[in-house]
Amino acid sequence: MKRFFTLGVVALAFASAQALAQQPIVIKFSHVVAEATPKGKGALKFKELAEQMTKGRVKVEVYPNSSLFKDGEEMEALQLGSVQMLAPSVAKFGPLGVREFEVFDLPYIFDNFDEMHKVTNGPVGATLFKKLEGKGIVGLAFWDNGFKVMSANKPIRMPADYKGLKMRIQSSKVLGDQIKALGAIPQVMAFSEVYQALQTGVVDGTENPPSNFYTQKMQEVQKYLALTDHGVIEYAVIANKKFWDGLPADVRGELQKAMSEATKFANDIAKKENDEALEAVRKSGKTQILTLTPAEKAAMKKALVVVHKENEARVGKDILAEVYKATGFKP
Ligand code: LMR
């Protein structure tokens, strides 16, 4: 009798171990933007490829629009393992203590995506990812969004037009200095709160690429958008290090392939997504799009490049020199 009981227990334990082994590995991928954006579509592409390439051994749950964690919560959630993957803007790593990422926020440092890719796919990108490891985070890829525009409810063509405006920014000191350099007042705020803050007048304006502007319906609460191209939104796709290192090697290999294909996909669509979003804003007729004259753009650049010197120590002299070398930027 005792022998049958023991056999029963062993069989049960074996069956549940079997069942567990057959359970898919779940990756919760949380982000703060809409699905119809370069990052939103990139995350869904990763889900599709990861599930396909691992033949269902991995299940990716994508949580867009801050539906799981919002700005200010998601990094800690990742470190705690409550979520396995994120793709925050590189402007949001300062609070984590890796402020060198703010080199991407320096105004006018990039003229085009090629220059940015020399940085993200070069030694600087690798150095920045290395700095994340001590935080229990592994860097997987850099995803593009696009060049930022400025928006407000008054015509903003020259630096003086920003005087006294409350401008929403991401949690970056470099971006704070950029807004102060225009005589405006920076206000750090979670992305999910921007629309309402613009609607109620808590802030007067903000900066973002057209894909975020349009998908967050900012045309409803912003009368003017200036094509400043003064900076970029770039993403770092990151994972919880313990989770990532703990994956079976073959599964991690397939996920890395899925990530590099999804990265190519996301970066290939980024510019088109932003061009189409800008056209949609224009068509909405709700926001006037201001194309700056060369003189106005030069005045903006002159007003903003002071921020580089002010933040040389913060982003790291070596990192800054590497980025200048890669982009040919002359301060
Ligand atoms: C923002 O907060 O404005 C952006 O970083 C949002 C995003 O992820 O594109």
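The values are calculated or read from the model by the stated rules, or taken from the named source; none is laboratory data. All values derive from a computational prediction rather than experimental measurement. Cβ placement follows ideal geometry from the backbone for every residue including glycine, while neighbour counts extend to all protein chains displayed. Note: accessible area is taken over every heavy atom of the protein model, side chains too, but ligands, DNA and RNA are not part of it. Shrake-Rupley method; radii C 1.70, N 1.55, O 1.52, S 1.80 Å.
Every residue in region 273-295 that is among the charged types (D, E, K, R) and touching a helix residue (DSSP H, G or I) at 6+ places or on another chain (Cβ under 9 Å), please. Don't jump to the end; show me each part of the working.
So in region 273-295, the residues among the charged types (D, E, K, R) come out as 273, 275-276, 279, 282-283, 286.
273, 275, 276, 279, 286 - these are the residues of region 273-295 that are among the charged types (D, E, K, R) and touching a helix residue (DSSP H, G or I) at 6+ places or on another chain (Cβ under 9 Å).
Got at least one residue in region 74-88 being closer than 30 Å to residue 227 by Cα and open to solvent by 30 Å² or more (accessible area, probe 1.4 Å)? Lay out the reasoning, then the answer.
First, pick out the residues of region 74-88 that are closer than 30 Å to residue 227 by Cα: 86-88.
Next, only the ones that are open to solvent by 30 Å² or more (accessible area, probe 1.4 Å) stay: none.
Looking for residues that are closer than 30 Å to residue 227 by Cα and open to solvent by 30 Å² or more (accessible area, probe 1.4 Å), one finds none in region 74-88, hence no.
Just the residues that are assigned to a helix (DSSP H, G or I), acidic (Asp, Glu) and within 12 Å of the ligand (Cβ to nearest atom), please, taken from region 133-175.
If we filter region 133-175 for residues that are assigned to a helix (DSSP H, G or I), which is where we start, we get 133, 159-162, 173-175.
Pick out the ones that are also acidic (Asp, Glu) and you get 133, 161.
Result: no residue meets the conditions.
Residue count for region 217-230 under the criterion of being open to solvent by less than 10 Å² (accessible area, probe 1.4 Å) and within 20 Å of the chain's Cα centre (by Cα): the result is 3.
At positive phi and open to solvent by less than 40 Å² (accessible area, probe 1.4 Å) - does that describe any residue in region 162-170? Explain how you work it out, then say what you get.
Here is the first cut: in region 162-170, the residues at positive phi are 164.
Okay, now just the ones that are also open to solvent by less than 40 Å² (accessible area, probe 1.4 Å), so none.
Looking for residues that are at positive phi and open to solvent by less than 40 Å² (accessible area, probe 1.4 Å), one finds none in region 162-170, hence no.
Does residue 121 satisfy the condition of being within 13 Å of the ligand (Cβ to nearest atom), touching a residue at least 12 places away in the same chain (Cβ under 8 Å) and open to solvent by 60 Å² or more (accessible area, probe 1.4 Å)? No: the conditions fail for residue 121.
Applying a threshold of 7 Å to beta carbon distances and a minimum spacing of six or more residues, or different chains, the list of pairs starting in region 187-203 at a residue that is closer than 13 Å to residue 65 by Cα and ending at one that is open to solvent by 60 Å² or more (accessible area, probe 1.4 Å) and more than 11 Å from the ligand (Cβ to nearest atom) reads 195/217.
Within region 114-132, the set of residues being touching a helix residue (DSSP H, G or I) at 6+ places or on another chain (Cβ under 7 Å), in a helix (DSSP H, G or I) and either hydrophobic (A, V, I, L, M, F, W, C) or more than 13 Å from residue 236 (Cβ to Cβ) (or both) comprises 115, 118, 119, 123, 124, 128.
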